[in-house]
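Asker: To start, I am sharing the structure in question, which I have written as structure tokens.
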Amino acid sequence: MRGNSTVLAALNKILTRKLTTINQFFLHARMHKNWGFEQLNNKVYKASIDEMKHADKIIERILLLDGLPNLQELGKLYIGEEPGEMLKLDDKLQTEDINHIRQAIAVCESEHDFVSRKMLAEILEQQEEHQDWLDTQCSLIDTIGLENYLQQQL
Amino acid sequence: MPPKFENAGVRSMYVCLCKGITDKQIVKAVENGAVSVRELRKQFGLGNQCGKCTCMARGVLNEALENTSVAATPAQKPEIFIPGKTANAATNATHNAIHNAAHNVTQSYFTLTSN
Ligand code: FES
């Protein structure tokens, strides 16, 4: 099936962001693990795998639309040096991802690609859930303090 | 004594991941006289591998430069000259300036690229 080039470009852009987020989350997860914060490791590792599943869906969709998924492009990673900062940076990245997915949804809408639109909307829903979790962690750190917070993450 | 960099609420993150260079290292380099990305490149090899960090490094560098130069100016001309004490006062002022610089960097240089 021949896809619309505007939609394909929008999907590839989201793919690049996904590939970037997979890596940032994965590295952060294993840094948490290395310091013994098992709970953070589990949560962030799972988020990374979820990102990979999203990337998979986008790759398959691009192929179906006769496009070429670009797995070579990768954005800048924002890697923190300590757990609190790492969560904040993940939160910022996730927020940016969400904004870009919303824009891509608008592109699909205006190009009448309702299947791609639906796929992105499903991805968006999961993103918002993880963003909510990240928001909660950041405000927890602000209210109970980093040390208290980290004690609960062992 | 100004708080140590490590505890000052500085955004502690890696600017250049390929070479493992943090924002704090860049602020320190500015403290030691670095004024351009080229010098950071020479000193750390920053940006020599994938090059994705140069934009952010420039942001960190510029803000550190701005903050140190603005804040450090009074240190250069103390109002009362007390022999023996001046050096110390100036050093403290510079420390504060650099500390402020590190602190201010936290807020604004961090903008994610939007591509
Ligand atoms: S992140 Fe600095 S060269 Fe790759």
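Any read-out appearing in this document is the output of simple, stated calculations on the displayed coordinates, not a laboratory observation. This one's a predicted model, so the numbers in the text were calculated from it and none came from an experiment. Every residue, glycine among them, receives a Cβ derived from its backbone with ideal geometry; neighbour counts consider all protein chains shown.
Asker: What distance in nm separates the simple spin-label points at A:LEU74 and A:ASP56, each placed 7 Å from Cα in the Cβ direction?
Answerer: If labels sit at A:LEU74 and A:ASP56, their model points lie 2.0 nm apart.
Asker: Using the basic label-point model (7 angstrom from Cα toward the beta carbon), what is the A:ALA9 to A:ILE98 distance in nanometres?
Answerer: 2.7 nm
Asker: Stretched out fully, how many nm does the piece from A:SER110 to A:ARG2 gain, at 0.36 nm a residue minus the Cα gap?
Answerer: 37.2 nm
Asker: Sticking with this structure for a sec: Please list, in chain and number order, the residues 5+ apart from B:ILE21 or on another chain whose amide H is under 5 Å from its amide H, with Hs placed from the backbone.
Answerer: Under 5 Å from the amide H of B:ILE21: B:VAL15, B:CYS16.
Asker: Could I ask something else about it? Be a star and scan the stretch A:7-50 for residues whose amide nitrogen sits under 14 Å from the point 7 Å along the Cα-to-Cβ vector of A:ASP66.
Answerer: A:8
Asker: In Å, what Rg and Dmax follow from the Cα atoms of the stretch A:1-133?
Answerer: Considering the stretch A:1-133 through its Cα atoms, Rg and Dmax are 15.2, 49 Å.
Asker: Below 22 Å, Cα to Cα, which lysines can A:LYS13 reach? Residues fewer than 8 away in the same chain don't count.
Answerer: A:LYS53, A:LYS57, A:LYS76, A:LYS92, A:LYS118, B:LYS52
Asker: Another question about this same structure. Across the residues of A:85-98, average count of Cβ atoms on other protein chains within 10 Å? Each step should come with its number before you reach the end.
Answerer: Values: counts 6, 2, 0, 3, 5, 0, 0, 3, 1, 0, 1, 4, 1, 0.
Taking all residues of A:85-98 together, the mean is 2.
Asker: Just to verify a number: FRET efficiency for A:LYS46 and B:ARG38, C-beta to C-beta distance, R0 = 41 Å, to 0.05?
Answerer: E(calc), rounded to 0.05, equals 0.45.
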